[in-house]
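First the structure, in the form of structure tokens, and then the observations on it.
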Ligand code: LLP
């Protein structure tokens, strides 16, 4: 247990999250249900912000990468913590603006932003657009010209560092649909192109080296490479960048193969990065750049769990035991997509020893619709409540109405208080946009 542990087992043997008994949550809200602990989310936002304040004299901004979990309430929380956000679509931008999020702290990403998305961004005076193609630079410049405004931009570059969870690799040439490579000269070309656009104000560079990373050195190395490039652009193009955006990617605990980090560990990641940026600036004779971070998963991932009710149980002798729940790949597609491993437990009998290995299956008409494979569990019975942990990031945000199932609602827990932040869908929602043409009636 550490200070980030939002979960505990209470005297009744029930799993608790943020002071709320999960069995009571299920009585009140039903299943499947996403549950988020507000304090956990705030603590994560604060550790990044406070470390920048303390170690870098506040010369930076944490921008929550809201692709991890986007809804109005999360933007309200980010606003009250005084941090920024990263959005990647018109939908995320619209949600943030509807929640009253301050436009100047919005950073807009995406490798193929639509004209309508760029217009929405400019019309709402958002702070910064991260340029990811020549076409986009041109489109954005034209949109700004028509409105007689100048837009702050960063350019997404590939420093040739790719991180894979516990290791990283350095590559000469980056094969990615994102960004511009330093090594093949395109990062320099786009810099010179953007500098010529009169309605774009280039502030600096962004990179994102991967996700679910535990290797501190990979962030350091990426930052150093970006700063070397900044120094080069100063000499070659007389361009002085004042901002470095190092992206997101800090890892979280999903199951016992992952380390369980404390708040201070995340502070350490950031300290190492800041330290490297400071010394690199000194060596290169650059001013210390404004530092942007874009953590998504680490802010909401461990703060969230999903609660299900166990339904059908199928024991295929000598092969597998399937425990089917009332959710599935429509609320958590991460096993189907990435074979991600999750930790599951029976929330109503959380003290009981695990006696068998089971596969947790969803209710979709698809054999690959699994949530977790070969996980230890006490002998489950229909009606038990199953909790899957660390589902706060990239679960709701990647959910779908596959098989016309409902995307589950989400509840926010704060010191035992519980309320909806995303209400349940209804059959009416499911058919809302359907049209039967007259001739088919
Ligand atoms: N910034 C940029 C430009 C990104 O592309 C991402 C994630 C982030 C920040 C946030 O990274 P994080 O701190 O969350 O690792 N659907 C996948 C994850 C895709 C992440 C894409 N980009 C999953 O479920 O694991």
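On the basis of being more than 16 Å from the ligand (Cβ to nearest atom), over 13 Å from residue 294 (Cα atoms) and touching a helix residue (DSSP H, G or I) at 6+ places or on another chain (Cβ under 9 Å), does residue 223 make the cut?
Values: more than 16 Å from the ligand (Cβ to nearest atom): no; over 13 Å from residue 294 (Cα atoms): yes; touching a helix residue (DSSP H, G or I) at 6+ places or on another chain (Cβ under 9 Å): yes.
For residue 223, the condition - more than 16 Å from the ligand (Cβ to nearest atom), over 13 Å from residue 294 (Cα atoms) and touching a helix residue (DSSP H, G or I) at 6+ places or on another chain (Cβ under 9 Å) - is not met.
Quick one: is residue 78 over 14 Å from the mean Cα position of the chain (by Cα), in the same structural domain as residue 247 (by TED's automatic domain parsing) and either surrounded by fewer than 18 Cβ atoms within 10 Å (Cβ to Cβ) or not in a strand (DSSP E or B) (or both)?
Details: over 14 Å from the mean Cα position of the chain (by Cα): no; in the same structural domain as residue 247 (by TED's automatic domain parsing): yes; either surrounded by fewer than 18 Cβ atoms within 10 Å (Cβ to Cβ) or not in a strand (DSSP E or B) (or both): yes.
Judged against the criteria, residue 78 is not a match.
Identify, by number, the condition in (1) over 19 Å from residue 346 (Cα atoms); (2) away from the ligand (no atom under 16 Å from the Cβ); (3) in contact (Cβ under 8 Å) with a residue 60 or more places away in the chain; (4) within 20 Å of the chain's Cα centre (by Cα) that residue 59 doesn't meet.
The number of the failed condition is (4).
Out of all the residues in the stretch 284-317, which are touching a helix residue (DSSP H, G or I) at 6+ places or on another chain (Cβ under 7 Å), away from the ligand (no atom under 13 Å from the Cβ) and in a strand (DSSP E or B)?
291, 307
Mind checking which strands (runs of 3 or more DSSP E) fall wholly inside the stretch 358-441 and carry at least 3 residues that are over 17 Å from residue 307 (Cβ atoms) and touching a strand residue (DSSP E or B) at 6+ places or on another chain (Cβ under 9 Å)? Explain how you work it out, then say what you get.
Values: elements: 370-377, 385-388, 410-414, 417-422.
By residue number, 370-377.
For the stretch 332-350, give me the residue count where each residue is within 8 Å of the ligand (Cβ to nearest atom) and outside any loop (DSSP other than H, G, I, E, B).
Result for the stretch 332-350: 3.
Among 99, 137, which is the only one that is surrounded by 19 or more Cβ atoms within 10 Å (Cβ to Cβ), in contact with a helix residue (DSSP H, G or I) (Cβ under 8 Å, 6 or more places away or on another chain) and at negative phi? Lay out the reasoning, then the answer.
On the way: 99 fails: surrounded by 19 or more Cβ atoms within 10 Å (Cβ to Cβ).
Only one candidate qualifies: 137.
If I go through the stretch 25-54 residue by residue, how many of them are crowded, with 19+ Cβ neighbours inside 10 Å and over 19 Å from residue 303 (Cα atoms)?
Residues that pass the stated criteria total 2.
Which one is farthest from the chain's Cα centre (by Cα), of the residues in the stretch 235-257 that are closer than 22 Å to residue 375 by Cβ and within 13 Å of the ligand (Cβ to nearest atom)?
So, considering only residues that are closer than 22 Å to residue 375 by Cβ and within 13 Å of the ligand (Cβ to nearest atom), the one farthest from the chain's Cα centre (by Cα) is 254.
The values are calculated or read from the model by the stated rules, or taken from the named source; none is laboratory data. All of these numbers come straight from a predicted model, not from anything done at the bench. As a convention, Cβ positions derive from the backbone with ideal geometry for all residues, glycine included, and neighbour counts pool all protein chains shown.
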